[in-house]
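This report concerns only the one structure given below.
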Amino acid sequence: MEVYLDNAATSWPKPPEVYVAVDSYMRDVGASPGRSGHRQAMEANRIVYAARRELAGLLGAPDDENIIFTLNATDGLNMALKGILQAEDHVITSALEHNAVMRPLMGMADRMGIDLTVIPYDPILGMDPEAVQKSIRKNTRCIVMTHASNVSGRILPAEEMGRIARKNGLILIVDGAQTAGALPVDVQKMGAHIFAFTGHKSLLGPQGTGGIYIERGLSLAPWREGGTGSRSASDRQPDFLPDALEAGTPNTPGIAGLLAGVSFISAKTPESIHKHEQTLRERMWIGLTAIPGVHLCAPITGGDTVGVLSFSVEGMDPGQLGDDLDRQFGIACRTGLHCAPHAHRALGTYPDGTIRFSFGIFNTVAEVDYTVDAIRQLICG
Ligand SMILES: Cc1ncc(COP(=O)(O)O)c(C=O)c1O
């Protein structure tokens, strides 16, 4: 049996429609969107706008123009943080952040002297709203937080943070890399000013796709300037969305595939996808806890996790166990620190890290049972 349990890194397989969309874009459309006026270019434009509309619908954004395409979530988060923060600003973040948030923040701390408060992990609340409220200062500019941990699967209280941000005039930036497509998301209800998503995980698109939702009226210093196909006589970047933040030829074949992925999710509904992944996660959790020496790094919890589960095994190296799963049982997973050393420190699994299983829409109960059995054989012999 071949089992792919590394969907939090990148989802695989994709729905057949995604392969078809990329292939037919490359063969039949091919042109650059928003540049020329011929039929192929108009078709490219239509596809990009259809993808914007589909994503706006999925994420609860009021307008298509609120969706900006980037290379991935990392690119979108850099665009947001570097477009907002200035020297001496104070930022509040969670203890569960991925390096996509921590490295830009630390880089800006080193280069520009921004100041950072990391709210300690709270096993009950995930991120304690009271602790956030108490850490707000005169120079606090934004709260930036992951919507769900890519290590433990824990969902953080983004709506609470949205309320705090709005009440205190702060900007809320949410890293939705692990939630867009995996969970019902409503960026307006959440109160997010910016919500970063990646195309190749739960949105089921190709790698090299992603973007941000940005609230109308919020302006970012452009992080990438250049040709947009609009106002070409001007040597200044257009000031309207999405062109203000989208310079250069996009990954249009990827966006065509992303459109197919998001359409697939919208038809299935994020609610039912979340439910399916929860069923698998809970079954895995129950199976693994019955094996001696296994330490799960998050509680079983149903509603407040995505389909990600991490664990360690007493006296065993996670990397070795991952290799054995791959070579002996055909099971693909991820081991180590998952680009989130801060999260491992918070969860007590630093520096060795964990073994991470992450589920997708195409995983099955039989695969979970097979994997639990494989772990039992590797540990108990
Ligand atoms: C929580 C979180 N944020 C950000 C990222 C970065 O995503 P990408 O590599 O697609 O930019 C990841 C990917 O692993 C993630 O899990």
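Descriptive notes on the structure:
- q = 0.06, 0.08, 0.12 Å⁻¹: log10 I(q)/I(0) that the Debye formula gives for the chain, counting C-alpha atoms only: -0.23, -0.41, -0.91
- Charge dipole (the stretch 316-381, unit charges on Cβ, about Cα centre) - positive-most of Val372, Cys339, Phe359: Cys339
- Short-range pairs are left out: with C-alpha atoms under 8 Å and at least six residues apart, the relative contact order of the chain is 23 percent.
- Sites listed here are GluC sites (Glu not before Pro) in the stretch 66-134 whose DSSP assignment is loop and whose Cβ has at most 13 other Cβ atoms within 10 Å: Glu88.
- Each eigenvalue of the Cα gyration tensor of the stretch 270-332, multiplied by 5 and square-rooted, gives one semi-axis; in descending order these are 24, 15, 9 Å.
- Percentage relative contact order, the stretch 273-381, counting C-alpha pairs under 8 Å, at least six apart: 31
- Close amide H contacts of Ser11 (hydrogens built in the peptide plane, cut-off under 5 Å, sequence separation of 5 or more or a different chain): Lys201.
- Averaging the Cα positions of each part gives two centres, and for the stretch 191-212 and the stretch 125-148 these lie 23 Å apart.
- With contributions of -39500 (n - 2.57) from each DSSP H run of at least four residues, the per-residue ellipticity at 222 nm computed over the chain stands at -12000 deg cm²/dmol.
- Counted as membrane-span-like here are DSSP H helices of the chain whose alpha-carbon atoms extend 15 Å or more along the helix's own axis and whose Kyte-Doolittle mean is 1.0 or above; these are 252-268.
- Note on the stretch 210-356: with charges restricted to the Cβ of Lys and Arg (+1) and Asp and Glu (-1), its dipole about the Cα centre is near 220 debye.
- Note on the stretch 295-376: Cα Rg divided by 2.2 N^0.38 Å, N the number of residues, gives 1.08.
- The H on the amide N of Thr209, modeled in the peptide plane, is under 5 Å from the matching H of Gly199, His200, each at least 5 residues off or on a different chain.
- Per residue, the convex hull around the alpha carbon atoms of the stretch 1-141 comes to 194 Å³.
- At q = 0.09, 0.19 Å⁻¹, base-10 log of I(q)/I(0) for the stretch 140-250 (Debye sum, equal scatterers on each alpha carbon): -0.28, -1.03
FYI, it's all coordinate maths here, none of it is from the lab. All values derive from a computational prediction rather than experimental measurement. So basically every Cβ, Gly included, is an ideal-geometry build from the backbone, and we count neighbours across all protein chains shown.
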